[in-house]
Every structure is written in structure tokens, then in C-alpha cells.
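A.B. asks: I have a structure I would like to understand better, so I am pasting it below and will then ask my questions one at a time.
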Amino acid sequence: MLLFEFRNEDTLSLHLVLGPGPEHIRRRLFDYAKGQKEVFNSTARNLPAKWGSLYRKQILTAQDYEEPNFEVMKEKVRQAVSQFAIDDLESLVQNVQDAL
């Protein structure tokens, strides 16, 4: 029902996604997330039918993709994910638990 995924489009971003599951639980999580915009920064206006992002963190910018050294890019990703774990993960987990 909840999963983290990387989206690699013009940028690389990490999303917390609300997926299929029991409608009453999805609704409870979605409504809670809409009221906690300082934590859940990517919530749609309406509950998506199947998949919807609740949180987004940019990992790499379009400019970062111009870096010719793959090891440098890999280190940027590692640092950004580590920073996510330090800054945001605990709050997301706590808020999901609060919603349920």
C-alpha cells in the first residue's frame, strides 16, 4: 500500500507512494497526509484511483546529469539518500503510524 520509489525522468526524485489497498485505509492515510503538508509535500487534491505520491524529495537535478564522472553522481545520490534518512524518514514513519 505504501512504497518508496525513485523516479528517473529529467531529474531523480524519491517518492512515498500510496498504492492499491483497502479503501478505508487509503482514505485515512490520504486525508491525514493532506492535513500535514509540512511532512507530506506531494499530496494530490483528490485520492488517486490507484497510485499517488504523498512525498517527494529531489535527489539529482537536471544539471547533475551533465556530470561526466559517474562516481561523482553516485556519491551525490548516496549523500542525498543519507540526508533523507536523517531529515525526513523518521517523521514520515511517525506520521503514517499516527494516521493509522
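A.B. asks: Among (1) loosely packed, with under 12 Cβ neighbours inside 10 Å; (2) touching a strand residue (DSSP E or B) at 6+ places or on another chain (Cβ under 9 Å), there is one condition residue 61 misses while meeting the rest; what is its number?
C.D. replies: (1)
A.B. asks: Which residue out of 18, 29 is under 18 Å from residue 3 (Cβ atoms) and in contact (Cβ under 8 Å) with a residue 40 or more places away in the chain?
C.D. replies: The unique qualifying residue is 29.
A.B. asks: Also: Step by step: first the residues of the stretch 45-70, then only those that are modelled with pLDDT of 95 or more and of a type in the set (D, E, K, R), then the one that is nearest to residue 28 (Cα to Cα). Which residue is that?
C.D. replies: 56
A.B. asks: Write out, first by first residue and then by second, each pair whose Cβ atoms fall under 9 Å of each other, whose residues are 6+ apart or on separate chains, and whose first residue, in the stretch 86-99, is more than 12 Å from residue 16 (Cα to Cα) while the second is small (Gly, Ala, Ser) and assigned to a helix (DSSP H, G or I).
C.D. replies: Note: pairs meeting the criteria are 95/33; 99/33.
A.B. asks: Now, a different point. Just to verify a result, which residue in the stretch 65-92, among those that are hydrophobic (A, V, I, L, M, F, W, C), surrounded by 11 or more Cβ atoms within 10 Å (Cβ to Cβ) and within 17 Å of the chain's Cα centre (by Cα), is nearest to residue 42 (Cα to Cα)?
C.D. replies: Filtering the stretch 65-92 for residues that are hydrophobic (A, V, I, L, M, F, W, C), surrounded by 11 or more Cβ atoms within 10 Å (Cβ to Cβ) and within 17 Å of the chain's Cα centre (by Cα), the one nearest to residue 42 (Cα to Cα) comes out as 92.
A.B. asks: Does residue 7 fit the bill of being surrounded by 12 or more Cβ atoms within 10 Å (Cβ to Cβ), at pLDDT 95 or above, of a type outside the set (A, V, I, L, M) and more than 19 Å from residue 100 (Cβ to Cβ)?
C.D. replies: Yes; evaluated as a whole, the condition is true for this residue.
A.B. asks: In the stretch 68-85, what residues are of a type in the set (Phe, Trp, Tyr) and without any contact (Cβ under 8 Å) to a residue 12 or more places away in the chain?
C.D. replies: Matches in the stretch 68-85: 70 only.
A.B. asks: Working only within the stretch 10-53, note down all residues that are surrounded by 16 or more Cβ atoms within 10 Å (Cβ to Cβ) and assigned to a helix (DSSP H, G or I).
C.D. replies: Within the stretch 10-53, 26, 29, 30, 32, 33 qualify.
The values are calculated or read from the model by the stated rules, or taken from the named source; none is laboratory data. In this text, all values refer to a predicted model and were calculated from it rather than measured experimentally. Heads up, the Cβs are rebuilt from the backbone with ideal geometry, glycines too, and the neighbour counts pull from every protein chain shown.
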